[in-house]
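Let me begin by presenting the structure, written as structure tokens, before commenting on it.
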């Protein structure tokens with residue numbers, strides 16, 4: 001197995017990760033920051049599915065894990081509960097990360113790209129996976145995606161419409177919101193490095209500023225923002241900035257009338273005692289128009305398809321106010337976990 005993190009992206013090691021994966025028939029897992037290090041439509045790319053049973057079974061069955069530019073953070077390892085192969089080869093430019101959360105059988109203190117180039121040269125076709133391992137990796141890839149899609153209900157249509165409507169080099173920014181957690185950070189395929197951005201703190205609100213920064217850095221690429229209504233309100237004034245500078249950002253506000261994640265925590269952990277999770281109705285399309293940004297309200301999957309095409313065709317920013325209550329609930333409500341007991345140095 002190969003597990004590639006943000007360090008692999010930062011070093012530009014995508015070609016080496018891809019070459020090594022195919023030389024070894026090794027499935028490639030990524031962290032959230034490692035997404036796009038190789039194209040996620042590659043048959044050996046397992047992507048970011050660390051909590052899925054099919055992926056966990058495959059990882060636990062592996063003999064060797066080559067970890068490249070990852071710190072084994074709690075969010076990616078189910079707070080260090082994820083079972084990894086007993087032999088871990090850890091490549092990182094920061095030696096302080098070695099043996100911090102998972103013990104390594106071998107460590108390589110190096111830039112990721114340089115290390116992988118040396119590893120590929122040393123192997124030179126002399127190592128490969130056992131017969132059937134490639135097929136087992138591909139089967140885990142298919143099962144994990146099917147498992148996650150089964151949870152989405154009508155939201156699966158939103159996922160497919162958006163991926164079909166965006167070019168492969170589009171930059172997708174995800175604020176901290178249920179659509180990002182359930183499909184934006186997992187099933188919405190990423191094909192190039194640095195085209196998947198998210199709030200590193202996992203707090204709500206920074207999505208629009210991040211998207212505007214991406215649009216300034218890459219004016220030749222479409223930028224799409226997935227944000228919730230609660231998080232969007234924390235930076236809504238930046239719509240005026242987008243209009244003033246003509247920044248080409250498609251703002252998609254997934255509107256469920258409140259703070260959906262907090263609702264689920266209160267339902268699950270506090271016996272459905274609800275407080276301060278509902279918001280007064282806001283027509284974000286009209287708010288956008290008042291700031292000089294074209295806006296549309298969307299209340300169906302069919303309408304979403306035309307709205308995405310319309311928004312991407314605008315010469316500057318555009319906003320879609322997506323009525324999730326009109327579209328309907330997911331097949332399985334968003335799952336929240338009990339507060340974990342953290343254990344560092346395992």
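The values are calculated or read from the model by the stated rules, or taken from the named source; none is laboratory data. Remember, it's a predicted structure, so these values are computed and weren't measured experimentally. With ideal geometry, Cβ positions are generated from the backbone for all residues, glycine too; neighbour counts draw on all protein chains shown.
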Whether any residue in region 66-73 is in a loop (DSSP other than H, G, I, E, B), within 15 Å of the chain's Cα centre (by Cα) and buried (at least 21 other Cβ atoms within 10 Å of the Cβ) is what I want to check.
no
Just give me the residues in region 31-53 being under 19 Å from residue 108 (Cβ atoms) and touching a strand residue (DSSP E or B) at 6+ places or on another chain (Cβ under 6 Å), in sequence order.
34, 37
Checked against (1) over 18 Å from residue 128 (Cα atoms); (2) surrounded by fewer than 22 Cβ atoms within 10 Å (Cβ to Cβ), residue 9 satisfies every condition except (2)
Looking at region 196-285, what strands (runs of 3 or more DSSP E) fall wholly within it and have at least 3 residues that are crowded, with 24+ Cβ neighbours inside 10 Å and at positive phi?
none
Could you list, in sequence order, all residues of region 83-135 that are closer than 16 Å to residue 34 by Cβ and part of a helix (DSSP H, G or I)?
97, 112, 113, 115, 116
Of the candidates 59, 55, the one satisfying the condition of being assigned to a helix (DSSP H, G or I), surrounded by 13 or more Cβ atoms within 10 Å (Cβ to Cβ) and out of contact with any helix residue (DSSP H, G or I) (no Cβ under 7 Å at 6 or more places or on another chain) is 59
Mind checking which residues of region 198-219 are touching a strand residue (DSSP E or B) at 6+ places or on another chain (Cβ under 6 Å) and modelled with pLDDT under 95?
198
Screening 110, 137 for residues that are at pLDDT 95 or above, out of contact with any helix residue (DSSP H, G or I) (no Cβ under 6 Å at 6 or more places or on another chain) and within 11 Å of residue 69 (Cα to Cα) leaves only 110
Among (1) surrounded by 19 or more Cβ atoms within 10 Å (Cβ to Cβ); (2) modelled with pLDDT of 95 or more, which single condition is residue 50 missing?
(2)
